[in-house]
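Remarks on the structure that follows.
A short reminder: the numbers here are calculations on the coordinates, not readings from a lab. Remember, predicted model here, so these are calculated numbers, not experimental data. Note: ideal-geometry Cβ built from the backbone for every residue, glycine included; neighbour counts use all protein chains shown.
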Amino acid sequence: MPKIVRMNLLRRYPIAFILMALVIVSALAPLPPLVDAVTGAPPYDVDLTRPALYTLLAPVSDLLDALTFLSVGRAWWFLLVWVVGLAVWGLVRSGSRPRRLLRATLGPLAVVALGVAAVLLPRPVVQLAPADSTLTVIDYHAHTAASHDGRPGWTARDLARWHAAQGFGASYVTDHNAIFDDDTTGYPIPLLPGVEWSVYGQHVVALGPVTMIDRAAYNRDTPGMLGLFAALHRQGAIGLASLPEYWRNHWDDLDRFVTAGVDGFEIVNCAPKALAFPAAARTRVLELARAHDLLVVGASDNHGWGRATCVWNLSSPSAHGYRANRVLARPIALAQADWQPWTAAYTQPWLMLRGLSWSERSSWLTWILVILSSGPSPIPCSTRCCPTSCRSAGCGRRRNAAVVAMRAR
């Protein structure tokens with residue numbers, strides 16, 4: 001390839017070449033597809049499988065996943081920086097005023113459209129596949145449209161399909177203050193009864209044979225709220241403290257939670273408001289749970305918004321308490337608390353690229369090359385044409401126009 005052609009390619013497609021370099025360089029510091037949220041180590045007895053369509057469309061699949069796993073604070077900063085940056089970039093580029101205004105509008109709209117697609121667009125997702133068939137892949141916290149903040153029309157069957165697509169073998173349905181006891185015969189996976197009680201500054205996920213309660217008794221103060229755990233035990237159910245409420249509202253009361261009979265804590269929750277749970281806080285909860293043999297779980301907290309989960313649980317029927325469950329999470333989700341929110345515009349894409357598998361990297365590079373090859377081919381200028389003023393592949397056309405003008409004179 002002539003040198004001038006290579007220079008024209010770099011000048012015309014700098015973003016494509018920078019992106020290609022980032023895809024390659026990020027492989028030098030890769031993230032594992034999953035980590036154990038308790039130990040921080042990659043699990044070696046599970047596999048995260050990717051459907052063929054997911055890999056084929058890896059640039060879209062990975063980008064939508066990365067947007068799904070943003071905490072609230074980072075999501076706002078990501079949106080702000082990219083919307084403003086693309087608007088300014090569109091305005092300062094050369095071109096007519098209408099053309100610049102169009103670019104300044106389309107760029108921010110594309111960012112917003114990607115955000116909407118991450119929430120609503122049906123798409124292939126990764127699936128957890130454990131090597132041990134005796135383990136149950138389970139979700140302890142999910143919602144239907146029966147919750148006040150559930151997606152309208154999001155039925156129990158929709159929820160079961162959502163879970164089955166990602167490798168879950170069962171899920172509790174924990175709608176807000178509404179007990180789930182529907183017949184799920186014929187559903188893709190079993191849906192188990194539960195409820196999420198909203199009480200004084202805390203959400204308590206109740207699992208098992210729950211019955212209706214009068215929440216007024218548990219809504220007055222912290223001691224009253226803590227009495228809910230004993231009430232659940234009398235029903236034969238268990239109660240888990242949900243994120244982010246115990247972290248935000250009752251962080252100094254965790255020992256009182258244990259004394260009151262809490263059965264466990266969520267340590268990972270995929271809701272954007274809970275993804276900012278810091279690693280140091282998770283460590284403290286793990287130490288407390290280990291000391292008192294309490295259950296620790298991850299929760300999709302799915303409400304019908306978003307297509308992918310950031311966490312799975314491997315439940316062992318032969319173990320109890322702290323060792324009864326393993327929490328496996330996507331590193332990009334756990335990293336949300338490790339970075340300042342204002343860095344999201346560049347750290348989230350970098351985390352995404354570091355987490356790519358080799359098949360996904362190949363797909364990214366292939367799509368970049370396809371886009372490059374489908375663009376207009378730069379025509380090398382002849383040095384005999386205009387050696388001192390040649391600036392683009394249109395050199396020959398400008399010379400011909402000059403010759404015609406001279407002959408016209």
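Where the centroid of each part is defined by its Cα atoms, how far is the stretch 198-250 from the stretch 26-95 in Å? When both Cα centres are located, 35 Å separates them. Amide hydrogen proximity for LEU356: with H placed 1.01 Å from N in the peptide plane, the residues at 5 or more positions away or on another chain lying under 5 Å are LEU31. Using C-alpha pairs below 8 Å separated by at least 6 residues, the relative contact order for the stretch 145-215 is 26 percent. Put in order of Cβ neighbour count within 10 Å, fewest first, the listed residues HIS320, HIS250 become HIS320, HIS250. Would you kindly give the portion of the calculated P(r) for the stretch 1-141 that falls above 26 Å, as a percent of all Cα pairs? Here the long-distance tail beyond 26 Å is 47 percent of all Cα pairs in the stretch 1-141. With Rh defined as the Kirkwood radius, the inverse of the mean 1/r over Cα pairs, the Rg/Rh of the chain is 1.12.
Sort ASP181, ASP45, ASP263 so the one with the fewest other Cβ atoms within 10 Å of its own Cβ comes first.
Listing ASP181, ASP45, ASP263 from fewest to most nearby Cβ atoms yields ASP45, ASP181, ASP263.
With the Cα gyration tensor of the stretch 127-337 giving a ≥ b ≥ c as the square roots of its eigenvalues, does the rule (a/c under 1.5 for rounded; else a/b larger than b/c for prolate; else oblate) give rounded, prolate or oblate? Because its axes are fairly even, with a/c under 1.5, the stretch 127-337 counts as rounded.
For the peptides 23-30, 295-302, what is the packing order when you average, over each peptide's residues, the other Cβ atoms within 10 Å and list the highest mean first? Please list the in-between numbers first.
Values: 23-30: 13.5, 295-302: 26.5.
Answer by packing, highest mean first, reads 295-302, 23-30.
So for the chain: antiparallel DSSP bridges make up what percent, rounded to the nearest 5? The answer is about 65 percent antiparallel. Counting neighbouring Cβ atoms within 10 Å and putting the fewest first, the residues ASP65, ASP47, ASP252, ASP139 line up as ASP252, ASP47, ASP65, ASP139.
Summing Lys and Arg as +1 and Asp and Glu as -1 over all other residues whose Cβ lies under 14 Å from the Cβ of ALA29 gives a net charge of +2. Screening the chain for whole DSSP H helices with an alpha carbon extent of at least 18 angstrom along the helix axis and a mean Kyte-Doolittle hydropathy of at least 0.5 yields 72-92, 97-120, 358-374.
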